[in-house]
Structures are given as C-alpha cells and as structure tokens.
1. Can you work out which of the residues in segment 218-233 that are in contact with a helix residue (DSSP H, G or I) (Cβ under 9 Å, 6 or more places away or on another chain) and assigned to a loop (DSSP other than H, G, I, E, B) is surrounded by the fewest Cβ atoms within 10 Å (Cβ to Cβ)?
2. Could you please find all residues in segment 150-171 being of a type in the set (Ser, Thr, Tyr) and within 24 Å of the chain's Cα centre (by Cα)?
3. Scan segment 180-201 residue by residue and report those that are in contact with a strand residue (DSSP E or B) (Cβ under 6 Å, 6 or more places away or on another chain), aliphatic (A, V, I, L, M) and not in a helix (DSSP H, G or I).
4. What is the one condition in (1) over 22 Å from the mean Cα position of the chain (by Cα); (2) in a loop (DSSP other than H, G, I, E, B); (3) not β-branched (Val, Ile, Thr) that Lys353 does not satisfy?
5. Does segment 94-113 hold any residues that are surrounded by fewer than 21 Cβ atoms within 10 Å (Cβ to Cβ) and not in a helix (DSSP H, G or I), and which are they?
6. Just need a number here: residues in segment 21-64 that are farther than 25 Å from Leu105 by Cα and among the polar types (S, T, N, Q).
7. Where the second residue is in a loop (DSSP other than H, G, I, E, B) and the first is farther than 22 Å from Ile59 by Cβ and lies in segment 77-94, which pairs have Cβ atoms under 8 Å and are six or more apart or on separate chains?
8. What do you reckon, is Ala55 touching a residue at least 24 places away in the same chain (Cβ under 8 Å) and surrounded by 14 or more Cβ atoms within 10 Å (Cβ to Cβ)?
Amino acid sequence: MTTVLKPEPEKDHPIQMQDCKNNDCKTQSSIYIETKNSLMKTAQVFEKKFFNNDAKVDIDRQFSAIWDYKKALIDKAGLSQYVSPADNGLVDGDVLLSEQQARFLINELQKGNFDGNWKNLPLPDLNRDKRSALFFGENNQFIQKWDTSQPILYMFDETYDEYEKNSVRQAHRMISSAASCIHFQFDPIAYKKGHFIYYTRTITPAVCGLSHVGRQPKGNVIQINFESCEKLAQTGVIIHETLHALGIEHTHQRVDRDDFIEIVWNRINPQLIDTFVHADNNIYSTYGVQYDFDSIMQYKWNMGSKIPNKETMKPKIAYTQNRARMGQRNHLSPSDIEILNKLYCWTGCRDLKVMCGRWAMLGLCSDAKYKTFMKNRCKLSCG
C-alpha cells in the first residue's frame, strides 16, 4: 500500500543500526511466525469453505510476494545489512495484500519518483493533460472500488455470537450514517453472488483487526480479535478495517503527514518500519481533505515502539490535544466522513488526476494561474 520509506535525516540510521547490532534485527520472533501461519491458515480455510479450492500454491505465492515487498522497502532504505522486516504476512500493521498488489508495489518502489516531500511534487502542466492510470478514482490498478448502486453483501463466521454480530452491524450503521450512499446487507450465501465481505476471527494476539485493501476478486476477509482487543474499541476497529476494504489509507501515512507529525525513527522497532512509510502518491489522493488527528484511520502515538509507551509519532500542532486524539476508535471524524463521501457518494463531480488532492491543499483551486485548470480537472478536490 505504500512505496516510500524515509527514515531521515541520515543521523537516525546509526541509532537504529546500533540497536540491531546489539539485538538481532534479522530474527523472526515467535509472534511474527504465529501471525503469518494464522493468516495463511485463514486464507486456506476461506478458499476451501467457499470455493472448494486448496489454493495452497497461490497462498504461498501471495505471502512470498508480501515478504518480497517488505524486503524491497528495507533495501530501498539502505537497512538490509542489519534488518530483516517482520515476516508476519502484514503490511502497515493491519493490511493484507494480494500477490498482484504486492508485486505492483515492488514495481512502483523501483521507480522511486517521490522524495518524501509532498510540496516538491509537480504542479499542473497547463500545456498537457495526461491522466494517471493508477488513480483510485479512475482506473486504479492497485485498489478496486465497490459498486454502491447496490448493497455491499457480507457474511459472518459461524462462530460469531450475537454481541460480535451486533458490533459489526453497529459499525455498518455508523459508516452508512456518515455516507448515505453506502449500504451493507447480510446474505448467508453472499459468496455465490460475487463480491462480499467475510467477517471472521484472528487467533493471533498481535493484532486487533486486519483487512484487505480495496475490493478483492473473490471476497474480502476482515479478521477481528474480540478476545484481546479492548471491548470499547471493537466497533471502531471494525470500522477501521472496513474502511480499508473500501480503499481508505492510514492517516499517518498520508503524503503530507510530515507537516503534521514527527516520526521518531529511533524509537521504532526496525522490523516494523513499513508501518511508517508514506502512501504512494500515484495511488492515493487526499481529495483536498485536511489532515485530521482524530481520524479513525490514525494510529496511536506509540504504535510500533520498541520501548513501551514511548512516542513514535509526535503531533507538531496542538501537541497535548492532538496526542490524546490519535488512535481513537469511537467515531468517524469529519475528515473520515468527507473522504468516504468524496470517494463514493459525490457522483456528480470527480478528479481526473491523482495529484488533485495535493494541488488543492496548496491552494491552487483559487490561484489565478491554475483555478480554471483545477475547476475542470479537480472538481472533487476543490469541492
């Protein structure tokens, strides 16, 4: 889901590397191994249960591709001599990739056309009009949107009890209330009807929830850990993972995040630094929506820390207030609601370029030189 790893400035590297010399950063912990084995088992059960496929070869290829992508990130950052990333089957902490998505990101990573500063991205070329074929809102090769002209079908793992089912239903109600064009419908035979979401369990204690990103060809598996996840946060976790299935990125990985948070690289477990890379600017747009510390897609301030309760992310604005808001799982924030509506409900206008969101944040919607271009090409981001 992300292709820019930038633990900078360079002075941070020796601190991380010293840690890896003292503690082997190439060893896969039992938690990583357990998590990956659990994910692969769940994938096999899903294929067998709904499609009567063994699919072991395909699943092995999928998780090998995810591992290759994470190694490519580490190599790109110049850390591969000391660090082997967590081979836990996940990226960004809670995201599952298909084999095709992982390979796509490896190719994007090799292009390396973003230096980490979103303000250095190109301004509109008024003499050319070339669409980005990768754009989520157009013909994205990485993320597929759902058809909201009909309800999104979903199913439950048969072991879900009524409390767990009601938690999912409440999450759906909150999403539909925020974006009235999105509806969910339970269907016990959804797998026979095309795309659907399957809510099941994750048996690993390492995560509260995990999800595919964007609509998947056969079905989206969302795994929730009701046993170890804080009870009051469970509905919020379900919302978070369902928004991933709808194609929404983590807030702290936005292309403009360095204007709002400081990443404390020397406190991050080097094997988990994929969680802190920037979102690929060729895949995700901000649609002109402002950064929001209160977003349900924002991780908590100590995510990925190798030192308990030490910050890995520090707000640069209104520190005390925004630190307390980071990682909340109680509600969808105004920015979450705006993104959902722009992605799925504002059918009367659209962006024709992936950079529109960035350009809107630079004020080009009202800039005399660019406003005509922006009005014609970036209607969604300019609002």
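1. The residue in question is Glu230.
2. Within segment 150-171, the first condition is being of a type in the set (Ser, Thr, Tyr), and the residues that meet it are 154, 159-160, 163, 167.
Residues satisfying the conditions are Tyr154, Ser167.
3. Ile197
4. (1)
5. Matches in segment 94-113: Ser98, Gly112, Asn113.
6. Counting residues in segment 21-64 that are farther than 25 Å from Leu105 by Cα and among the polar types (S, T, N, Q) gives 6.
7. Ala77/Leu5; Ala77/Lys6; Ala77/Pro7; Leu79/Pro7; Tyr82/Cys25; Tyr82/Lys26; Val83/Cys25; Val83/Lys26
8. Working: touching a residue at least 24 places away in the same chain (Cβ under 8 Å): no; surrounded by 14 or more Cβ atoms within 10 Å (Cβ to Cβ): yes.
Judged against the criteria, Ala55 is not a match.
The values are calculated or read from the model by the stated rules, or taken from the named source; none is laboratory data. All of these numbers come straight from a predicted model, not from anything done at the bench. Every residue, glycine as well, gets a Cβ built from its backbone with ideal geometry; the counts of neighbours run over all protein chains shown.
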